Amino acid sequence: MSGEERREEAGGEEELERGGVSAELVRGNILKIRWVTGKTSAAKLFGKYGREGRPDFFRLLFGAIGGSLRSKFPEDKANEIFRRIRNSQEFKDSLDNVFDSMKSWFFDEVVPRYKLERGDVFAISTTLELNIDTGELKWDRESTRVIYWVRSDRIAEKCRELGVTGTGGEETNKLKREELTKRINELANENSRLMAENEELRKKLEEIKRIVGLT
């Protein structure tokens, strides 16, 4: 899927629950940030149930930007760049646009597509580009993925969505079982890829913490 993909499971890896960030400097002044939000809910990430009644989106993203800058520049310079960017009008305007765009994408596309309900938990993995000269922030929608956890009381419903039923004849059920097996294998492969990716993010985050003296 180009815009988002899902992984269905009852639990989640520790890396996805914590979140992570990695960055690279491209074209001299563009900081490309790969950001995993960590396990959250729509009410916390986009709504008033985040920390101190404000969407967690901003706190988490500021942390990702700050950590990314410190991974590419000496601490003093990184802090100076961060303060300058944070106070620039272009950053403030583009930050609001990124938030509004991601929020609309989530509620208008992700929620109806995967039938997410109030209280469901998920993590978002995405890529952002920050112009460290102007402060402009851009969201790469095509790279964005959603990983959500299916509650135990909805597993049967999800199985039905995958075409697993108890009727339809032996041959039909055989085809459905084969389809389910194929889907399970796809999910297992995706799970392995995500675990490897987030282990890499975790190591980079630990290295950032070590560099800035947080560990």
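General observations
- Label reach from residue 88 (point 7 Å along Cα→C-beta): in region 121-152, amide nitrogens under 14 Å belong to 129-138.
- Cα-projected label distance for residue 199 with residue 17, points at 7 Å along beta-carbon direction, nm: 1.8 nm
- Computed from backbone phi with θ = phi - 60° and the Karplus coefficients 6.51, -1.76 and 1.60, the 3J(HN,Hα) list for region 107-123 is 7, 8, 10, 5, 4, x, 5, 9, 6, 6, 10, 4, x, 4, 10, 7, 10 Hz; x is used for glycine and proline.
- Our coupling estimate for region 51-60, obtained by passing each phi through the Karplus curve with A = 6.51, B = -1.76, C = 1.60 and θ = phi - 60°, is 4, 6, x, 10, x, 5, 3, 5, 4, 5 Hz, Gly and Pro reported as x.
- Rounded to whole numbers, the Karplus 3J(HN,Hα) couplings from phi for region 32-46 are 8, 10, 9, 10, 10, 5, x, 5, 7, 9, 4, 5, 7, 6, 10 Hz, using 6.51 cos²θ - 1.76 cosθ + 1.60 with θ = phi - 60°, and x at Gly and Pro.
- With R₀ set to 22 Å, the beta-carbon distance separating residue 212 from residue 59 gives a calculated FRET efficiency near 0.80.
Where a number appears in this text, it was derived from the coordinates with a stated rule and is not lab data. In this text the structure is predicted, and so the values were computed from the model without any measurement. A quick note on method: Cβ atoms are made from the backbone with ideal geometry, for glycine too, and the neighbour counts reach across all protein chains shown.
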